[in-house]
1. Could you list, in sequence order, all residues of segment 115-136 that are exposed (fewer than 13 other Cβ atoms within 10 Å of the Cβ), within 30 Å of PHE71 (Cβ to Cβ) and over 17 Å from the mean Cα position of the chain (by Cα)?
2. I'd like to check which strands (runs of 3 or more DSSP E) are fully inside segment 3-107 and have at least 2 residues that are under 13 Å from the mean Cα position of the chain (by Cα), crowded, with 18+ Cβ neighbours inside 10 Å and without any contact (Cβ under 8 Å) to a residue 40 or more places away in the chain.
3. Hey, does segment 116-126 have a residue that's out of contact with any strand residue (DSSP E or B) (no Cβ under 7 Å at 6 or more places or on another chain) and at pLDDT 95 or above?
Amino acid sequence: MNMPRVPITLQQAVMRCLRDKLQQANQRLDAQYPEPKITYRQRGTSAGTAWLKEWEIRINPVLLAENGQPFIEEVVPHELAHLLVYRHFGNVAPHGREWQWMMGEILELAPRRTHRFAVASVAGKTFPYTCRCQTHQLTLRRHNRVVRGESEYRCRHCGDILQRQKG
C-alpha cells in the first residue's frame with residue numbers, strides 16, 4: 001500500500017511539537033531523553049503508535065493531512081508520553097496511571113486514550129454480523145478468521161455467537 005507524501009510544512013509542525021514537548025518533559029523529569037524517530041507509516045484508523053523498544057513514533061499520514069494542527073497537538077504528545085513512560089517506569093499498562101500522570105502533570109495535556117478524528121477515509125471494509133440484540137461490523141481480518149473456522153465472536157451484551165448477515 002502506498003503511503004501518501006506528507007507535506008514538509010506538516011512534518012516541520014510535527015517536529016516542532018515533538019521537540020517542544022520533549023524539552024518540557026526533560027526539564028520536568030530532570031532527564032535527557034533523546035529525540036524519537038518519527039515515521040509516517042501508520043495505517044488504518046489508528047492515529048499513531050509508539051514503538052517502545054525502537055524509540056519511534058509512527059504517524060498516520062492520511063489522518064494527519066486531514067486534521068492538521070489539532071492532530072499534531074493531540075497525537076504527537078500522546079505517543080511521546082508512551083515512550084517517556086517506558087523509559088521512566090519500564091513496562092507498565094499502556095494508558096495506566098503512569099501514562100496519565102505523564103500526560104497531565106509533565107506534558108500538561110488531558111490524558112485521553114483515543115482520538116476523535118473522523119476515520120471514514122481510512123476505515124477498511126467491514127462485514128455485517130448479527131446476534132439477537134444488534135448488528136456488528138467485523139473487520140476483514142476477523143471475517144476471514146470466521147470463514148476459515150479459526151475464530152468465533154460473541155456479542156458482549158447478549159452473549160450470542162455472531163452470525164454472518166445474509167443479504
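1. Of everything in segment 115-136, just one residue is exposed (fewer than 13 other Cβ atoms within 10 Å of the Cβ), within 30 Å of PHE71 (Cβ to Cβ) and over 17 Å from the mean Cα position of the chain (by Cα), namely LYS125.
2. Those strands (runs of 3 or more DSSP E) span 48-51, 56-59.
3. No: segment 116-126 contains no residue that is out of contact with any strand residue (DSSP E or B) (no Cβ under 7 Å at 6 or more places or on another chain) and at pLDDT 95 or above.
The values are calculated or read from the model by the stated rules, or taken from the named source; none is laboratory data. Predicted model, so just to flag it, every value in this text is computed and none were measured. Every residue, glycine among them, receives a Cβ derived from its backbone with ideal geometry; neighbour counts consider all protein chains shown.
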